[in-house]
Amino acid sequence: MAKDTCDVYCYDPEKVTRLKKHMDKEIIRGTSLIFKVLGDETRLKAAYALSKEEELCVCDVANILGSSVATASHHLRILKKHGLVKYRKEGKLAFYRLDDHHVQELIEVASEHMKEGKINE
């Protein structure tokens, strides 16, 4: 079986220096947080449902998730806190939608990658 590491230690100092300059700590930290938030299967289900419909009521999301309204609300609030969804109130109903097309694209790209069979559990 082939080893998936280098057999010797050597690196390209020019590439490393150039790339280190692009490693903005805040962008890396924030992007990591987005993946952590979406890394929860329940929150990803909610976000995925919102990627297929422009807007959903919390009650709709609860039914899609097979959860209580309180549980759905909790996960939607976390998505909102991290800027992944927007919310609006209409009378006694609360509606959520994805924050913007970037969130939609992120979910679509990840789903397409998974469909290609490149994800192993």
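The values are calculated or read from the model by the stated rules, or taken from the named source; none is laboratory data. Treat the numbers as computed from the prediction; the structure is a model and nothing was measured. Because the Cβ atoms are built from the backbone with ideal geometry, glycine has one as well, and the counts that use them run over all protein chains shown. Protein only, heavy atoms only, side chains kept; ligands, DNA and RNA dropped before computing areas. Shrake-Rupley method; radii C 1.70, N 1.55, O 1.52, S 1.80 Å.
Pairwise inverse Cα distances across the stretch 8-52, averaged and inverted, put the Kirkwood hydrodynamic radius at 13.2 Å.
With helices as the sole contributors, the chain gives -18500 deg cm²/dmol at 222 nm; each DSSP H run of n ≥ 4 counts as -39500 (n - 2.57), and the sum is divided by every residue. With a threshold of 32 Å on the Cα-Cα distance, the over-threshold entries among 92/118; 15/118; 3/80; 15/36 are 92/118; 3/80.
With the alpha-carbon atoms of the chain aligned to their principal axes, the span from lowest to highest coordinate is 64, 35, 22 Å, starting with the largest. Note on the chain: with a GNM built from Cα contacts shorter than 10 Å, the maximum mean-square fluctuation among 96, 11, 87 falls on 11. Largest mean-square fluctuation among 21, 81, 45, in a Gaussian network model of the chain whose springs join Cα atoms under 10 Å apart, belongs to 21.
Only Cα pairs under 8 Å and 6+ residues apart enter the sum, and on that basis the relative contact order of the chain stands at 20 percent. When the chain is treated as a Gaussian network with alpha carbon springs shorter than 10 Å, the biggest mean-square fluctuation among 50, 33, 19 belongs to 19. A crude spin-label estimate for the pair residue 110 and residue 90, with each label 7 Å from Cα along the Cβ direction, gives 2.7 nm. Accessible surface ranking for 109, 58, 69, 1.4 angstrom probe, highest first: 109, 69, 58.
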